[in-house]
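Visitor: Right, I'll just put the structure down here and ask away after.
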Amino acid sequence: MAEQTRLKEEDVQVQLQRFFADMTQKIPLFLFCEPGKNEPFAEGARQIIRAIREITDKVSLQEYTLKHELAKKWQITGSPTLVFAPETYKIRWLGAPLGHEVQTFMEALRIIGTRNPGLSKEAMKVLAKLDSPRAVKVFVSPSCPYCPQAAVNGIRAAVARPDLVSLEIIDIQANPDLADQYAAQSVPQTFANEKQIGLGAQPEELFVASLAALEPQRVFIPDSDAEEISCDLVIVGGGPAGLTAGIYAARSGLQAVVVEKGVLGGQVATTPMVENYPGFTQVGGKTLVDIMVTHALEYVKIFPGEEVQDIVPGELFTVTTTRRRYKARAVLLATGAGNKRLGVEGEERLGGRGVSYCSTCDGPLFKGKKVIMVGGGDSAVTEALHLHNIGVEVTMVHRREGLRAQERLLVTLRQSGIPVLFNSEVVEILGEAGVKAVRLKSNQTGKESTLPVDGVFIAIGYDPAVKLAQGLGAELTPEGYIKKDARHRTTVPGVYSAGDVEGGFKQIVTAAGQGSEAALAIFEDLMNPYWTVQKKR
């Protein structure tokens, strides 16, 4: 066992050495700490930097207190603050690279060490047109799997335009006062010149477009056509269904690509703990996603951060994304489902300011505070337990007389002592800069009451992402899901579906199974297209 552990550590060491092999520039790091303040974060920063310095001699570290003349020169007031290569770039980290943010830190070192921002040509064109400074702040949390994408976008921009772009990566757990000041109670959030330009992770082109416009952008229109890729199958969606479909399609001999606009893994990436996936008694959602993605990459090309804008049928399908164009013989829609909204007053206005749909991302900010979890299914109970376990005072609110979650979850819920308000509905979320209370209505008496809370977490189900299917003219079921046959064929020839977008049991294992079924059906159909047979008849 000891020998296996040693070999594994050596393998990790070799992989990390390869990761930093292309670094040509030295990276001086400066760590500013105030003794006794946020010491766990300061020590976490020291440890990760020491580990990196054992791998590469390109990184150096100097540590000072906030009273040092350099702290005054660079106007550093928070402890800990990590400054990267200050003679060249304006990049600093308020907090420490812990949890998911270790990924951000590693990427930051590689980008700075190679002086290669790694941005697409279209993104570089947008940045090249900047003619005034941009002071960027990205609020992150170590528990948020979406945050590295947002933070790395900021790093790339700061390295691409060091003359105009400055960056502060702000850990909300180490800096709750700043999070409150900017009402950044949901991460990631991005500000530029004190204006919010992004809520959630953004593809890099939308980030730079938002940075240039100083307001959130939803569509990126490139100056010229992007690179064109020809393949057999475009899989839209990088959740369990899409990733599994990619594996099975490639193993069948098809040239397939997976395109994902957001975080790979979909809803699974933000699930605190998965306990019903075969082979794992208990596994973190992000860990399970990493395993799936690593497996899929052995077979299929994955293009994250690309949003499909249009799909045009023809002899070949033309799939246009925010980055490029694909030509394919078939399309699989594994677009999943997004969080369902309550649709009450205050929900949209206070989104990211106390209203959240992800306990993994935003829960740590509410440690010691009062929140409610709205919902009664597996997701709601799982997230309520997660909040309880990290020190949040949580109460569940459910509109029915009983919860619909699995019995094992209900047993754990009862043991935790989390209170549940049955037959109750949220009719309004109250607050100005942030959530202050909710107005509840009893479904039995019709009476209303006000409950003071600091946050509202919502897990009431999902709305299927069917916009692309509707654009193709595919039929939907009465419930709003994609209508398909037993072989996952939609009503549009050559277009297939799989996963939560089809409805049914919304389970990880179910989505993966549907992805494999769809891929095998697509392979057989491309060998003998059913639509050409139908035309002959």
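Visitor: Filter the helices (runs of 4 or more DSSP H) completely within region 68-186 down to those with at least 1 residues that are touching a helix residue (DSSP H, G or I) at 6+ places or on another chain (Cβ under 7 Å) and buried (at least 21 other Cβ atoms within 10 Å of the Cβ).
Guide: Result: 101-114, 121-128, 147-160, 176-181.
Visitor: I need the helices (runs of 4 or more DSSP H) fully contained in region 307-423, keeping only those with at least 3 residues that are of a type in the set (A, V, I, L, M).
Guide: 378-389, 407-416
Visitor: Looking only at region 475-498, filter to residues that are touching a residue at least 60 places away in the same chain (Cβ under 8 Å) and aliphatic (A, V, I, L, M); which one of those is surrounded by the fewest Cβ atoms within 10 Å (Cβ to Cβ)?
Guide: For region 475-498, the residue satisfying everything is VAL492.
Visitor: I've got another one for you. Given the conditions (1) in contact (Cβ under 8 Å) with a residue 24 or more places away in the chain; (2) in contact with a Ser or Thr (Cβ under 6 Å, 6 or more places away or on another chain); (3) buried (at least 17 other Cβ atoms within 10 Å of the Cβ), and given that ILE429 satisfies all but one, which numbered condition is not satisfied?
Guide: In the conditions (1) in contact (Cβ under 8 Å) with a residue 24 or more places away in the chain; (2) in contact with a Ser or Thr (Cβ under 6 Å, 6 or more places away or on another chain); (3) buried (at least 17 other Cβ atoms within 10 Å of the Cβ), ILE429 misses (2) alone.
Visitor: While we're looking at this one, here's another question. If I filter region 73-86 for residues that are farther than 18 Å from ILE155 by Cα, touching a Phe, Trp or Tyr at 6+ places or on another chain (Cβ under 6 Å), of a type outside the set (D, E, K, R) and in the same structural domain as TYR146 (by TED's automatic domain parsing), do I get at least one hit?
Guide: Yes, that holds for at least one residue.
Visitor: Identify, from the list LEU178, LEU199, LEU127, the residue that is farther than 21 Å from LEU365 by Cα, in contact with a strand residue (DSSP E or B) (Cβ under 9 Å, 6 or more places away or on another chain) and assigned by TED's automatic domain parsing to the domain that holds ALA42.
Guide: LEU127
Visitor: For region 368-379, give me the residue count where each residue is within 21 Å of the chain's Cα centre (by Cα) and either charged (D, E, K, R) or modelled with pLDDT under 95 (or both).
Guide: Total satisfying the criteria: 2.
Visitor: Condition test on SER449, is it farther than 27 Å from SER186 by Cα, hydroxyl-bearing (Ser, Thr, Tyr) and free of Cβ contacts under 8 Å to residues at least 24 places away in the same chain?
Guide: no
Visitor: Hey, does region 329-351 have a residue that's at pLDDT below 95 and touching a Ser or Thr at 6+ places or on another chain (Cβ under 8 Å)?
Guide: yes
Each row is one residue, and each column tells you yes or no for (1) surrounded by 23 or more Cβ atoms within 10 Å (Cβ to Cβ); (2) over 28 Å from GLU393 (Cβ atoms).
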{"position": "ASN276", "(1), (2)": "no, no"}
{"position": "PHE280", "(1), (2)": "no, yes"}
{"position": "VAL283", "(1), (2)": "no, no"}
{"position": "GLU298", "(1), (2)": "no, yes"}
{"position": "VAL308", "(1), (2)": "no, yes"}
{"position": "THR320", "(1), (2)": "no, yes"}
{"position": "LEU333", "(1), (2)": "yes, yes"}
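Yes or no, residue by residue, for (1) out of contact with any strand residue (DSSP E or B) (no Cβ under 6 Å at 6 or more places or on another chain); (2) closer than 26 Å to GLN406 by Cβ:
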site: GLY431; (1), (2): yes, no
site: VAL438; (1), (2): no, no
site: GLU448; (1), (2): no, no
site: ALA459; (1), (2): yes, yes
site: PRO478; (1), (2): yes, no
site: ALA486; (1), (2): yes, no
site: GLN507; (1), (2): yes, yes
site: LEU520; (1), (2): yes, no
site: PRO529; (1), (2): yes, no
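Visitor: Same structure again: Within region 341-370, take every residue that is farther than 20 Å from ASN175 by Cβ and among the β-branched types (Val, Ile, Thr) and give me the one that is surrounded by the fewest Cβ atoms within 10 Å (Cβ to Cβ).
Guide: For region 341-370, the residue satisfying everything is VAL344.
Visitor: Being over 27 Å from MET106 (Cβ atoms) and not in a loop (DSSP other than H, G, I, E, B) is the filter here, so list the residues in region 54-67 that pass it.
Guide: none
Visitor: From the set of residues in region 268-297 that are outside any helix (DSSP H, G or I) and either in the same structural domain as PRO364 (by TED's automatic domain parsing) or free of Cβ contacts under 8 Å to residues at least 12 places away in the same chain (or both), which is nearest to ILE247 (Cα to Cα)?
Guide: This residue is GLY279.
The values are calculated or read from the model by the stated rules, or taken from the named source; none is laboratory data. These numbers were taken from a predicted model, which means no experiment stands behind them. Reconstructed Cβ throughout: ideal geometry from the backbone, glycine too, with neighbour counts over all protein chains shown.
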